[in-house]
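The structure appears right after this line, and notes come after that.
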Amino acid sequence: MIKPAAGGRRRILVGLDASPASLAALEAAVGLALELDAELDALYVEDADMLRFAGLPFTRIIDAWSSGPRHVEPPDVERALRRQAERVRSLLADAAGTRVTWNVRVTRGDVEGEIMAAARHADLLTLGFVGDRPVGGRGAGSLARRAAREAPGSVLLAQRGQRADGPVVLCLDDSPEGERALATAASLARAHDGKLTIVGYGDPLDEQAQVLESDVANRLSDLGITSRFTWVPPEAQRALGAVLSEAQGGALVVSATSELARSDILDSMIEDGSCSLLLVR
């Protein structure tokens, strides 16, 4: 299970900007907050660079309602930021309602810096997957990539368009972090359809693998979760394609000590963007 904050309930931080990608993060965060009995903190950062940019004399914008470029003033940006913040509050209230203890905080500054600073006080940071990518790009933005590498707690990168009945897939790892990943994947599976696919590394005919599979399946059965095992070659690079194929359209849970959390392979998973990614620390 995701480690709780010292002396209290687990805290889930979700970074919001009212975009479709961050709405996916909000939905995922609410579901986990319900399952884990966690508090939900939402953070909306007003981008200070936008205001600085608006103050430059050569700044112009083009929109569908104007005949051509028009100058943008700082008050225009201020009003747009206020509207965005109110929309974030409304979306959070609609999604969480009275089911979850939640609050929202609005601040101004560097978006990445503010969210990464707030992540130091959270057990799980939840972000929308898509960020500063080219049009049509599916991979993660710079904040998502940075969070996966640097956040002190667990990180969920929520993919837009994830199906409600999408698969939940766990990469099995025999470590303390792997145990937390197993418990967290079980919670995520309960929040979906109660089914969990488990990817193990090794030979399914190996006696140790069979014992491990039986033990994990029994533990999950006690939690009301139906499990399915698939075994892939132990070489992580060869296994990555099979793992991503299993998780496509759903969520992939990986512990921070897994072979898949190595920086080069983690980069490949993040850039693939075919499923939500939950990295458990």
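The values are calculated or read from the model by the stated rules, or taken from the named source; none is laboratory data. Note that this is a predicted model, so its numbers are computed, not measured. Using ideal geometry, Cβ is built from the backbone for each residue, glycine included, and neighbour counts are taken over all protein chains shown. The protein model used for the area step is the full one, side chains on, heavy atoms only, and it has no ligands, DNA or RNA in it. Shrake-Rupley method; radii C 1.70, N 1.55, O 1.52, S 1.80 Å.
Numbers for the structure displayed
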quantity: For Glu150, net neighbour charge (Lys/Arg +1, Asp/Glu -1) across residues whose Cβ lies under 15 Å away; calculated: +1
quantity: Positive dipole terminus of the range 82-233, leading residue within Ala95, Val168, Leu143 (C-beta point charges); calculated: Ala95
quantity: Residue-normalised accessible area of the range 216-266, given per residue in Å² at a 1.4 Å probe; calculated: 46 Å²
quantity: Gain upon complete extension [Asp206, Arg108; 0.36 nm per residue less C-alpha separation]; calculated: 29.7 nm
quantity: Computed lengthening from Glu86 to Ser19, 0.36 nm per intervening residue step minus Cα-Cα distance; calculated: 22.8 nm
quantity: Phe129, Phe229, reordered so the largest accessible area comes first (probe 1.4 Å); calculated: Phe229, Phe129
quantity: Computed accessible area, Arg99, all protein chains, 1.4 angstrom probe, square angstrom; calculated: 140 Å²
quantity: Exposure of Val155 as accessible area (Å², to 10), given a probe of 1.4 Å and all protein chains; calculated: 0 Å²
quantity: Solvent-accessible area of Ser255 with every protein chain in place, 1.4 Å probe, in Å² to the nearest 10; calculated: 0 Å²
quantity: Solvent exposure, largest accessible area first (probe 1.4 Å, DNA, RNA and ligands not counted), of His192, His121; calculated: His121, His192
